[in-house]
Structure formats: C-alpha cells, structure tokens
2 protein chains.
Amino acid sequence: MSLLVTGSIGIDSIETPHGCAEGVLGGSSVYFSLSASLFTEVRLVGVVGDDFDLSMLGPLEEKRIDTRGVEVRAGSKTFRWQGKYTGAMNEAETLDVQLNVLAERGPEIPPEFGDTDYIFLANTHPALQRGFARQFPNAKLIVADTMDIWINTEPDELRRLLSAVQGLVLNDAEARLLTGQGNLVTAGLEILKMGPRFAIIKKGEHGSLLVAHDDLCLLPAYPTLKTIDPTGCGDTFAGAMMGYLATQDRHDPDTLRSAMARGSIVASFVIESFSVEALAAVTTEDIERRLERLQAIARFE
Amino acid sequence: MSLLVTGSIGIDSIETPHGCAEGVLGGSSVYFSLSASLFTEVRLVGVVGDDFDLSMLGPLEEKRIDTRGVEVRAGSKTFRWQGKYTGAMNEAETLDVQLNVLAERGPEIPPEFGDTDYIFLANTHPALQRGFARQFPNAKLIVADTMDIWINTEPDELRRLLSAVQGLVLNDAEARLLTGQGNLVTAGLEILKMGPRFAIIKKGEHGSLLVAHDDLCLLPAYPTLKTIDPTGCGDTFAGAMMGYLATQDRHDPDTLRSAMARGSIVASFVIESFSVEALAAVTTEDIERRLERLQAIARFE
C-alpha cells in the first residue's frame, strides 16, 4: 500500500560527546522516509527554501522515496536546527532554531499523491496537520506525531487533530503532559478517549508501549552499545513502523506489535552515526539480524 | 534448595500521594522473605532492638519463613525509616533515618543455617555483607544488593564483596554510579569484570536487565495501574527471583530470566498497598495470572 509522510526537511548542526556535525541533512520527514523506504515506497511532502542544496537529498534519491512533493520555495529559507546532547544523551538541548519556511504556509500535496492509503503526519502545528489529514478522506490509516510545544500552546487545535487520526505516536514526557497522568498505561488510555484507536508511547532507551482498545504491549529498545547521535530516532521509529504497516496493509494489534519492533530495530541503527549516514546504509538483512536478536533478548518463560 | 536472606527489619513511616502509613513493618529482609516464601522456605537473619513488638512479624509467621535468625538485642533500638514519595513516585525522599541497631555489629547466623545453598545479602555495609558471605563457603549461589552510599563511601570494601559473590542486583542509577558508564549494558559488562557472573539491573517502571557472560535479557515491569507505595519493591523483586532460583536449583541464563519475570510480577503486587499488606496476600494463582499476562504483553513477531 502507498505511504506518505508530511514533515520537516532541515539543516542540522549537532554536538554530542562523540563529536560535531555541521550543516548536515535532518528533519522529521527525511529520517522517516529513509526508514520507511526499507519496507516500502514512500511519498515525501515537505518544503525547503531556495538556499537548500538539493544534492543533499542524494541519500533519499537512491531509495524508494518519491520526492516530487518536496517544494523549493523561492524567497524562503530552509529550516535550521542546532542542538547539543550531553550525559546520557536522552534529550537534546536546542541551541538555536530558525523555523524559516516552516513558519509560512505548508507545502502542497501533489495531486498524484491524493490516493495514498497510509499517512504519517510528522510533528508540526496541529492545525496544519489537520489540514493535511483532510486531504486524505479515503486513507486507510492516518497517524500523527506531536510535541510539548503544541500540547502547551495549542491544546484545542491538538484535540481537533486527535479526533481526526487513528493513531498517535509521542514520547513518554509528552504523553504525561498531554494527559496529566504519570502512569503511562493510564496516559495511553486517556489518549484513546481523545479519538485515536491506538497510542504508541516511545520511552527512548526503555523501549515503547502500545495502548489500544484491545491491546497492551511493552517492547524493549534494541540495546545498542554505540550511541553517537540520537537525532531523528523517533522519526526513524515511526518510519519503519508505518512502512511495515503499509506493506502488511493491516493495523490489528499483532501487526502493530511487529511494526513497533521494526521501529525499534531501525532506530537502533540511526543513533550509531551523525545525521542519516548509518540509516542510509541499513539493509534488510541488518534488520532481520537485529530483530532475531531482540526477540531472543526479550524472551522469557 | 534452602534459601537465606540477611538484611534489615525496620519500622517505616511512609507518605505518598495516596496517604500515609505510620510505624508499619518494613526492612529489606522482610519484603524479601515474604516474596521468596511464595516459592520456597526462607531463613531470615536480622536484628531488631528490644523496643520491637514481635507481633509485627505476624505476617511472616504465617508463611514458610524461619525466623530463628531474628535477634532481639537487649538495650538496642530497632531501625526506623521515614520516607516520602511524590509525583511519579520513582524515588523516595528520606525524611528521617535512625540506623540504631543496624549501626552496631551484625546479627549472628544460627549454626543450623550454616548449610544454606542460596544466599541473598540485602543492602548493608559491604564489609558486613562479605562477613556473611564467608560463613557460607559451600553455598551454591550468593547474590548481593548494594546502594549509592556504599558505592560512594566504601568503594574498596564493595570491590572485595563483588569478588566474593556470583550475582549483583542493583538499580540503574547505582549501576551507572558504580561503573561510570551511562549505557546500562556496558555498565553490566563492567560489573562482570568486578567478579559476579551476572548483574541484574532494576529499572523501576521500565523493567529489568540481565547481563551475564553468555546472556543479555530485557524484561518489562508488569504494568500495574495502582501504585500506592513503592517501598520494598526492589527487595520483593529479589525475593521472588531468589526463591524461584532455589526451587529450580539452577541459575543458568534461561532460569535467571524466568526468575526475573517472577520478581517483576511479585513486585507489581507489593506496590499496590502500604507496607507488606498486599504482598502477604499474594497467592500462587495471582502470580501465574500476571505471568501469563506479562508474557502476552511482551510478545512480538
């Protein structure tokens, strides 16, 4: 089934205890697309400014990623983010953010993408996400991401978005902030009351949690020893998850669990390099190998 | 196989967002014994002062717990701890601690306990733990717990202890403090270099991690919705784990995994009440039911 992502394309500058990367490719839809393309074709919708060097999208062009939805907007500048990770690298400290073109109107969905079945709305203003969702009245599954800024500043718009999507992916701190619940299972159940049929709560190194009306699942993160740069980890998780769901054309509980496991595995690769370097090099065999290992690690009688 | 625990017996006063409990039974060896007794007989070694009301041990007397190793020391006072949990209740704030008899010499191991096969050294001064360990030269398995205070103040004594035990159980913050490693798998591997054949790292609501020379396992915590009082959770985990190992008389990787799962399950009950109330009421059927549920929750293809 066809899969589409709307989200940011950006230029990142990242500092971690392992080094720095200046002016590298980033953005939610970039990580998502590269990850999802390991499973299926991906339609990418995003916007950059005319300062953007399109050759930076080289790693995407080599994959099953349709970039006809990437708009280069004349007179605008590309989104830029500068961040720093310290200590256990669980959270980035944003040193500088220039929304630039992301603060303007959203990109157009190309007409030839209108028939897409599986849609992922990466994090942006919830009104914009809802505007995208409306353009896919016949989609089989629409899943959104969100973040603390929208939970805090646009609660009403976010509620409207949540009543228009079937799935929500967010991290543990965001789930607690959105629902006011400390217990993550309770938080997940509260999210279901807001509209989605399932909530997937990402817990970083501690794995992920699926809460659905008829299911509850706890998955470990793949325990990699090599954390170089966690940027894009969440979008990579979502990409592999949605890519797998699109290939299966199902999102029943068991398929969601398998999809989350693929998300966890591909995310374990992305953190092993700066930017998309390691992610772009992942193979199907790499995924299978780590999946078998994760299953062995999580097994108990 | 026979199982023995050395640890504290105390009187706790606890405050949580759900209420207060004043002057209730507590202490590591109490939680451990009650938990382990769900699987096998337990020999309890600890010391209280002559201010201790022995009828408080009523819940233990009803179980398979041999309390002949409980010394009532004339002229001494019982260990008392006052703590408070707030927010997500992940960590207790100690409001007051009176070591009293725990600051004196350790309790005697009764001669009839000298043949014990499985030994758990609950948290105390590592020199005292090593002194206990020495009294069981023929034990099949000796496992210790420790905490931040000993890692910080008695690193040399702790190293000596670690070279004398086969297993170490500690929480994630302690594992990081002990090894200087942020990655918990790396921390576990560092602990193996210090002597133990396996390290079990408890991550609270995020489950537990087993690191052994020939195994790595990540288990979720049982996702209970009802957290009333987390006191004793770690000792309860250790009790069920050691109780299960003693019944199996093995500690190979698969048996350790099963033992950890039992630890996770029994710990999920203890947090559902103040003090040992819920723990004392757990049945074998309760454990089986949650174990099946945990296996279903952790399953993925």
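Residues in segment B:212-245 that are of a type in the set (A, V, I, L, M) and buried (at least 24 other Cβ atoms within 10 Å of the Cβ): B:L218, B:L219, B:A238, B:A240, B:M241, B:M242, B:L245.
Between B:T236, B:T255, the distinction of being of a type in the set (V, I, T), assigned to a helix (DSSP H, G or I) and more than 14 Å from every other protein chain (Cβ to nearest Cβ) belongs to B:T236 only.
Can you find even one residue in segment A:264-281 that is within 14 Å of chain B (Cβ to nearest Cβ) and in contact with a strand residue (DSSP E or B) (Cβ under 7 Å, 6 or more places away or on another chain)? Within segment A:264-281 (the criterion being within 14 Å of chain B (Cβ to nearest Cβ) and in contact with a strand residue (DSSP E or B) (Cβ under 7 Å, 6 or more places away or on another chain)), the answer is yes, since at least one residue qualifies. Does B:V165 fit the bill of being more than 18 Å from B:G204 (Cα to Cα) and buried (at least 22 other Cβ atoms within 10 Å of the Cβ)? Criteria met by B:V165. Taking B:R160 as meeting all but one of (1) part of a helix (DSSP H, G or I); (2) closer than 27 Å to B:D117 by Cα; (3) in contact (Cβ under 8 Å) with a residue 60 or more places away in the chain, write down the number of the exception. Of (1) part of a helix (DSSP H, G or I); (2) closer than 27 Å to B:D117 by Cα; (3) in contact (Cβ under 8 Å) with a residue 60 or more places away in the chain, only one is false for B:R160: (3). Checked against (1) within 11 Å of chain A (Cβ to nearest Cβ); (2) in a helix (DSSP H, G or I), B:K226 passes all but condition (2). Annotation: of all residues in segment A:282-301 being in a helix (DSSP H, G or I) and not charged (D, E, K, R), the one that is farthest from the other protein chains (Cβ to nearest Cβ) is A:T284.
The C-beta contact set for segment A:58-86 (first residue over 20 Å from A:N123 (Cα atoms), second residue part of a loop (DSSP other than H, G, I, E, B) and open to solvent by less than 30 Å² (accessible area, probe 1.4 Å), distance under 6 angstrom, 6+ apart or interchain) comprises A:P59/A:V276; A:K63/A:S37; A:R64/A:S37; A:R68/A:P110.
The strands (runs of 3 or more DSSP E) found entirely in segment B:51-106 that carry 2 or more residues being under 20 Å from B:A278 (Cα atoms) are B:79-85.
Taking B:A139 as the residue in question, decide whether it is in a loop (DSSP other than H, G, I, E, B) and either among the aliphatic types (A, V, I, L, M) or surrounded by 19 or more Cβ atoms within 10 Å (Cβ to Cβ) (or both). Yes.
Taking the stated definitions as given, is A:E174 surrounded by fewer than 16 Cβ atoms within 10 Å (Cβ to Cβ) and either in a loop (DSSP other than H, G, I, E, B) or within 16 Å of the chain's Cα centre (by Cα) (or both)? The answer is no for A:E174.
When residues of segment A:101-116 are filtered for being surrounded by 12 or more Cβ atoms within 10 Å (Cβ to Cβ), more than 20 Å from the chain's Cα centre (by Cα) and over 18 Å from A:S8 (Cα atoms), how many remain? Of the residues in segment A:101-116, 1 are surrounded by 12 or more Cβ atoms within 10 Å (Cβ to Cβ), more than 20 Å from the chain's Cα centre (by Cα) and over 18 Å from A:S8 (Cα atoms). Does segment B:58-75 include one or more residues that are β-branched (V, I, T) and open to solvent by less than 10 Å² (accessible area, probe 1.4 Å)? Looking for residues that are β-branched (V, I, T) and open to solvent by less than 10 Å² (accessible area, probe 1.4 Å), one finds none in segment B:58-75, hence no. The residues of segment A:263-281 that are open to solvent by less than 30 Å² (accessible area, probe 1.4 Å) and either without any contact (Cβ under 8 Å) to a residue 24 or more places away in the chain or in a helix (DSSP H, G or I) (or both), listed by number, are A:G263, A:S264, A:I265, A:V266, A:A267, A:S268, A:F269, A:V270, A:A278, A:L279, A:A280.
Here segment A:177-219 is the region considered, the condition is being part of a loop (DSSP other than H, G, I, E, B) and within 25 Å of A:F300 (Cβ to Cβ), and the residue that is farthest from the other protein chains (Cβ to nearest Cβ) is A:D214.
Does A:I265 satisfy being modelled with pLDDT of 95 or more, β-branched (V, I, T) and under 18 Å from the mean Cα position of the chain (by Cα)?
For A:I265, the condition - modelled with pLDDT of 95 or more, β-branched (V, I, T) and under 18 Å from the mean Cα position of the chain (by Cα) - is met.
Does A:R257 fit the bill of being open to solvent by less than 10 Å² (accessible area, probe 1.4 Å) and of a type in the set (K, R)?
When the stated conditions are applied, A:R257 passes them.
The values are calculated or read from the model by the stated rules, or taken from the named source; none is laboratory data. Remember, it's a predicted structure, so these values are computed and weren't measured experimentally. Using ideal geometry, Cβ is built from the backbone for each residue, glycine included, and neighbour counts are taken over all protein chains shown. Remember, those area values only see protein heavy atoms, side chains included, never the ligands or the DNA or RNA. Shrake-Rupley method; radii C 1.70, N 1.55, O 1.52, S 1.80 Å.
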